[in-house]
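A quick write-up on the structure given underneath.
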Amino acid sequence: MRPDLTAMPRRVRVNIGLFASLAVALLLTTLAWMIPMMLWDHLDLVPIYQAWREGGLWQSEFARVHHGSHLHVAAYAVLLLTTHLSHGQPWLDGVASWLLLLGHAALVLRLAWQAESAGAARWLPLVAILLALHPGHLANLQWGWQVAVALCLVNVTLALTCLASSRLDARRNGLALLVTCVAVASFSSGLALVPVALLLIGLRHEWSMRRRLLFALPWLLLGGIAALWLGSGVPNDAQRDIAALALYVLNFLGGAVARFGRDLAAPLAMLALLSGLWAAWRLRAESAARAWLGLAAFGLGCALLTALGREADYGVEHAFATRYVSFSLLFWLGWAGLMALLMPRVQGAALQLLRWCLPLIAVLALFNALHLAKQARDLAQRSQAIAEAVRIGGDALDEQLLRDIYFDQPDIARQRLALLRQWGFAPFEPR
């Protein structure tokens, strides 16, 4: 029996319509601007795929930390399947990422509806949809390799949904732990979920200290194991520039709403952090705020982890990398949820300030969406030119092109492109 959409409240129909429209638009732009072959890090899948074909998967880099930072084993499992099914055509990687992102967005919309029922401002579901299906995700959707990001996002959101439940029990805690393992095994930023989980468990003041400790212990164990595993390939650098790290974090967060005007990013992020802390304190006893606090805290944790791993080598401007927007958007999702829950509980100057700030952030996010969509289009054009040069170049590829394709290592690039040609994978498929 088909559901009667006309029986739904009008605002729910509007929410579903917006969700469907943005989802379709993201799918179409992802397919139109797909990076058309394995490039850059994606070429690291080639020897793993070869090992899988030959029955030696576990002797390959499949379960090892990638380039000293990320463990991608769960993402590799998805990529091996999509690569096999599509015969090396990256469009299926993009569709897989899109489907995973839809799962994340559906969970966020569900949380927004629950918050609305708990008294949050009625605009929250619309804002949640806009941020969950924001064009800022295109930088990851269009690059098949970044299925790791979408896999991480959906599992993080599922874990937070479990942890924020009013009836958190051993089963939900266990499920949250399980999907967090998948998130960490997709993209190491998932490790930021461990302190967030401890925070959300610690905020359950209705529980005894003993019960909170029992629920927290497996998270401490998971965090310790993951940190040791992932940290084994990272050099220990004791000297840190605290000011540079802080600016990197602010740029990382602000890039989701103001990458088009980089000087705005850090001040906006600082204001959002201060107002978010104020809201979190005011709402500390509200169970409806837990999921939104978790999203904001996770986004901040991703910024901190990335700053610790990247700032020293690449500088503070590196925080504006478009692929990081998928994580910084989570911070703004959480911030918007906290503001929506806070608005009905404040009056006077505080309420007027929120009424001015929220539309401003929404407008900036929309401008940033146009900017990031243009960045995705430009990357697509550049990668298509590379793919065409590789396809027609044969064995006489330009040395500089090979260096651009794989991190100044032309010999490795040449070897892996030869395997793509042998298998008939893009861009060497028959025409």
Can we say residue 208 is surrounded by fewer than 22 Cβ atoms within 10 Å (Cβ to Cβ) and under 23 Å from residue 132 (Cα atoms)? no
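Hey, which of the helices (runs of 4 or more DSSP H) in the stretch 1-114, taking only ones fully inside, have at least 2 residues that are within 19 Å of the chain's Cα centre (by Cα)?
Values: elements: 10-32, 45-53, 73-86.
Output list reads 10-32, 73-86.
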Do any residues in the stretch 211-225 that are farther than 18 Å from residue 179 by Cβ have Cβ atoms under 8 Å from those of residues that are part of a helix (DSSP H, G or I), where the two are at least six apart or on different chains, and which pairs are they? 212/201; 212/202
Does any residue of the stretch 263-273 turn out to be closer than 20 Å to residue 372 by Cβ, without any contact (Cβ under 8 Å) to a residue 12 or more places away in the chain and either out of contact with any strand residue (DSSP E or B) (no Cβ under 6 Å at 6 or more places or on another chain) or acidic (Asp, Glu) (or both)? yes
What are the pairs, 6+ residues apart or on separate chains, where a residue within the stretch 169-193 that is at positive phi has its Cβ under 6 Å from a residue that is assigned to a helix (DSSP H, G or I)? none
Test residue 124 against the stated conditions and say whether it is touching an Asp or Glu at 6+ places or on another chain (Cβ under 7 Å), of a type in the set (A, V, I, L, M, F, W, C), more than 30 Å from residue 43 (Cα to Cα) and in contact (Cβ under 8 Å) with a residue 60 or more places away in the chain. yes
Exactly one condition in (1) among the polar types (S, T, N, Q); (2) at pLDDT below 95; (3) surrounded by fewer than 24 Cβ atoms within 10 Å (Cβ to Cβ); (4) not in a loop (DSSP other than H, G, I, E, B) is not met by residue 165; state its number. (4)
Does residue 300 fit the bill of being under 19 Å from residue 172 (Cβ atoms), in a helix (DSSP H, G or I) and not aromatic (Phe, Trp, Tyr)? no
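Let's see how each residue does on (1) surrounded by fewer than 24 Cβ atoms within 10 Å (Cβ to Cβ); (2) modelled with pLDDT under 95; (3) not hydroxyl-bearing (Ser, Thr, Tyr):
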site	(1), (2), (3)
93	no, no, yes
110	yes, no, yes
116	yes, yes, yes
121	yes, yes, yes
131	no, no, yes
136	no, no, yes
152	no, no, yes
160	no, no, yes
171	yes, no, yes
Does the stretch 53-76 contain at least one residue that is closer than 18 Å to residue 419 by Cβ, surrounded by fewer than 21 Cβ atoms within 10 Å (Cβ to Cβ) and polar (S, T, N, Q)? yes
Does the stretch 151-168 hold any residues that are in contact (Cβ under 8 Å) with a residue 60 or more places away in the chain and either among the aliphatic types (A, V, I, L, M) or farther than 24 Å from residue 109 by Cβ (or both), and which are they? 151, 153, 156, 160, 163, 164
Which one of these is closer than 29 Å to residue 329 by Cβ and touching a Lys or Arg at 6+ places or on another chain (Cβ under 8 Å): 102, 107, 43? 43
Test residue 367 against the criterion of being farther than 30 Å from residue 289 by Cβ and aromatic (Phe, Trp, Tyr), and give yes or no. no
Can residue 395 be described as among the charged types (D, E, K, R), assigned to a helix (DSSP H, G or I), out of contact with any strand residue (DSSP E or B) (no Cβ under 8 Å at 6 or more places or on another chain) and over 20 Å from residue 266 (Cβ atoms)? no
Looking at the stretch 242-253, I want the residues that are over 14 Å from residue 272 (Cβ atoms) and have a partner that is acidic (Asp, Glu) with Cβ atoms under 8 Å, at least 6 apart or on another chain. Which pairs are those? 244/311; 245/311; 248/311
Quick one: in the stretch 389-427, which of the residues that are within 30 Å of the chain's Cα centre (by Cα) and among the charged types (D, E, K, R) is surrounded by the most Cβ atoms within 10 Å (Cβ to Cβ)? 416
Looking at 277, 293, which is the one that is part of a helix (DSSP H, G or I), surrounded by fewer than 22 Cβ atoms within 10 Å (Cβ to Cβ) and modelled with pLDDT of 95 or more? 277
Being out of contact with any helix residue (DSSP H, G or I) (no Cβ under 8 Å at 6 or more places or on another chain), at pLDDT 95 or above and exposed (fewer than 14 other Cβ atoms within 10 Å of the Cβ): is that true of residue 221 here? no
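The values are calculated or read from the model by the stated rules, or taken from the named source; none is laboratory data. Every value quoted in this text rests on a predicted model; they were computed, and no experiment measured them. Cβ: placed from backbone, ideal geometry, glycine included. Neighbour counts: every protein chain shown.
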